[in-house]
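Asks: Submitted below is the structure of interest, expressed as structure tokens.
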Amino acid sequence: MEVYGREVQVKTKDFTGFLMLVFMLLTSACATQRFPYYDSAFNDRNRAPSSIEIPESADAQHPSLDKVNKQSQTDYFFIAAEMNAYDGQQVEAIAQLESAYELDPKSSVILYRLAMENYRAGKNKEALKWAELAIVQQPKQKDINILAASLYSTYKQYQKAESIYKKLIAIDNTDPEAYLYLAAVYSEQKKYSEAIKYFTKLTRFKDYSQKHLAYYYGARTKFEADRLKYFKEIKSDLLSSLKHKPDYLDALQFYGQIIEKTEGQKRLFAFYSDYQKKHGPIPRLAEVLSQYFLEKGDYDNAYEQLEIVESSTQDPIQVKLKMALILIDKKIYDQALDRLEELTALVPESDKVKFYLASIYHETKKNELAIKTYLEIQDSSKHYEDSVKNAALLYREVRQNEKALSLLKKLTQSRPENLQNYIVYSQFLEDAKKYDDGIDVLKRASKKFPKEAQLPYFIGTLYDKKNNKVEMFNYMYKAIELDERFALALNYVAYSLVEANQDIQKAKDLALRAHRVDKDDPYINDTVGWIYYQLGDYVRAVEYLERAHKAVPQVSIIANHLGDAYVKLRKFEQAYDVYKKALFNETDPDKIRELSIKISDSETPQRKLRRPAAANVERIKDESAFDVNRDGSK
């Protein structure tokens, strides 16, 4: 069934940004508690919040020069900044921290917080400035040094970053984080041997909770350094990474890529299947697999993986929608309808859900409900145009052509920037035999889209419907002038010349030009074959006509042409068979009679002896048969 706009829609890493990523992972917990830094262990003043009453507003900035009051004001700005940072208001937090800094410029806590909030606001240069000032106050403090080194790496000041990490290792060689960062810095610089050395050291820490990262990034570094030399070690490192963290998707995907490249896709998914059986469903893996299966068109496996994702995700709407689309594609409409109605309850204003809900009503012939749902979709939605076209299709199906035409006319007015809206409207007018109205619509569109070859082409087809061959040829040649590789127009003119018994050599030239553009188009192959037939080259004619008939065996005119060519080569058995197929799909009474005669004439004596003497050629008609224009349209 023709339905507009409905389809099932259903990525190796490098070290760029790795330092900042890991740094954020390791520090993000600070943002989840209120005032996380105030009592930090590296507060050089090591003081608790002041017992002096905090001013209620910033208006009381300098009530006196008294040291206690100054401390109280610093506390006020610091705590206010922490509250704003907790709420994600970086600009306000930075301003308040700067006020606290003016009152206490030697506090490493304030300097560090200024560096962190500027970093989180994307102001890396400012962050680095504050981090460097903080290091002056606390040269051995770990978090300050790691932030500064991470920022140095961002600006590719690798030697400074290396120096800081080595300093941290010298201060405490049992702390694994500095090893991880240092190894990553070496990887970014492609100093692979040094990076591998430090990643390897990191794997030997007994109680390191992030050991899976050491193995994974060690494997990636070896892969980039020399994948052939380190091949066995890479696989071993990845398996070790997964041993320490079985649901670590990066390692799982990387290992999967290696299996796919070396052992093939079948082995890859056997591995994934065995892995899930051993470790239980892994939602993140299921999400990746579902997308993979969707792209491959394997909807059964995709659906199975999406069920795993659905059971664990906190945002099930997109998952449920994908599952509904799979059910639609498999024509399991009752279950798809249940899914979409469930989604409608969750997101009643979703035009996407409404669109697919309407498409099910459309497919299941609930036409009134489908039209109503299509027309509920807002004109601001990306589904709006397809919804209007589908509603128009349904109106045409129930023979309410004027409503269909009214919808499409409004669509060209509300969305005049879309060329296809004019073309669809003109085709509906053609179907209603309003050829002049269709021509007017397309001519208006031509003024808006003067370089679009499609428009004169479709105007030409409408003039052909009016039997105005002169205007048909004029507009077809205009289309070819706009696009000399426009195969449809080249083919249309070529076949029309043959049908009009005009300039067979020109027809051949145009048809071969079209064929060079699209060798597989069955209608172009039919035209070329029919031209060779007219020129008496029946061997070549059969070559092209057989190719055309194989592509679209249901098209009567092509089968008819092939039968004529077989007769010329005295291949009567083959002629008889394709004539019968042509008759099966023919609807025109005159052509039915013509084919009946051809079938009788092509029967061999042996075939005639096999059938009863009184038997006549039966008319075979299939309800789905149709006649086809030269452009392939019904």
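The values are calculated or read from the model by the stated rules, or taken from the named source; none is laboratory data. Not measured: the values here are computed from a predicted model. All Cβ positions, glycine included, derive from the backbone under ideal geometry; neighbour counts span all protein chains shown. Ligands, DNA and RNA are excluded from the accessible area calculation, which covers all protein heavy atoms including side chains. Shrake-Rupley method; radii C 1.70, N 1.55, O 1.52, S 1.80 Å.
Asks: With the requirement that a residue be more than 13 Å from Y492 (Cα to Cα) and either surrounded by 24 or more Cβ atoms within 10 Å (Cβ to Cβ) or among the aromatic types (F, W, Y) (or both), what does region 449-462 give you?
Replies: Scanning region 449-462 gives F449, L455.
Asks: Only residues in region 126-155 that are open to solvent by less than 10 Å² (accessible area, probe 1.4 Å) count as the first member; pair them with residues that are aromatic (F, W, Y) and in a loop (DSSP other than H, G, I, E, B), Cβ under 9 angstrom, at least 6 apart or cross-chain, and list the lot.
Replies: From region 126-155, the pairs are I144/F42.
Asks: Among K591, K581, K571, which is among the basic types (K, R), at pLDDT 50 or above, over 19 Å from A541 (Cβ atoms) and surrounded by 13 or more Cβ atoms within 10 Å (Cβ to Cβ)?
Replies: On the way: K581 fails: over 19 Å from A541 (Cβ atoms); K571 fails: over 19 Å from A541 (Cβ atoms).
Just a single option satisfies the conditions, and that option is K591.
Asks: Give just the number: which of (1) open to solvent by less than 80 Å² (accessible area, probe 1.4 Å); (2) closer than 16 Å to Q427 by Cβ; (3) over 36 Å from the mean Cα position of the chain (by Cα) does S496 not satisfy?
Replies: Condition (2) is where S496 drops out.
Asks: Does region 475-484 include one or more residues that are over 24 Å from D526 (Cα atoms), in contact with an Asp or Glu (Cβ under 8 Å, 6 or more places away or on another chain) and modelled with pLDDT of 95 or more?
Replies: Yes: region 475-484 contains one or more residues that are over 24 Å from D526 (Cα atoms), in contact with an Asp or Glu (Cβ under 8 Å, 6 or more places away or on another chain) and modelled with pLDDT of 95 or more.
Asks: Output the residue which, of all residues in region 499-547 that are closer than 18 Å to G563 by Cα and part of a loop (DSSP other than H, G, I, E, B), is most open to solvent (accessible area, probe 1.4 Å).
Replies: Top of the filtered list is L535.
Asks: Only one residue in S193, S187 is open to solvent by less than 20 Å² (accessible area, probe 1.4 Å) and either under 25 Å from D247 (Cα atoms) or of a type outside the set (D, E, K, R) (or both), so which one is that?
Replies: Matching residue, one of S193, S187: S187.
Asks: Right, another one. Can you tell me which condition M323 does not meet? The list is (1) modelled with pLDDT of 90 or more; (2) under 30 Å from A404 (Cα atoms); (3) in a helix (DSSP H, G or I), and all the others hold.
Replies: The failed condition is (2).
Asks: Oh, and also: Got at least one residue in region 326-341 being under 23 Å from V309 (Cβ atoms), touching a Pro at 6+ places or on another chain (Cβ under 9 Å) and of a type outside the set (S, T, N, Q)?
Replies: Looking through region 326-341, none of the residues is under 23 Å from V309 (Cβ atoms), touching a Pro at 6+ places or on another chain (Cβ under 9 Å) and of a type outside the set (S, T, N, Q).
Asks: List every residue pair whose Cβ atoms sit under 6 Å apart, with the two residues 6 or more apart in sequence or on different chains, where the first one lies in region 85-107 and is more than 23 Å from P139 (Cβ to Cβ) and modelled with pLDDT of 95 or more and the second, anywhere, is open to solvent by 80 Å² or more (accessible area, probe 1.4 Å) and of a type in the set (D, E).
Replies: none
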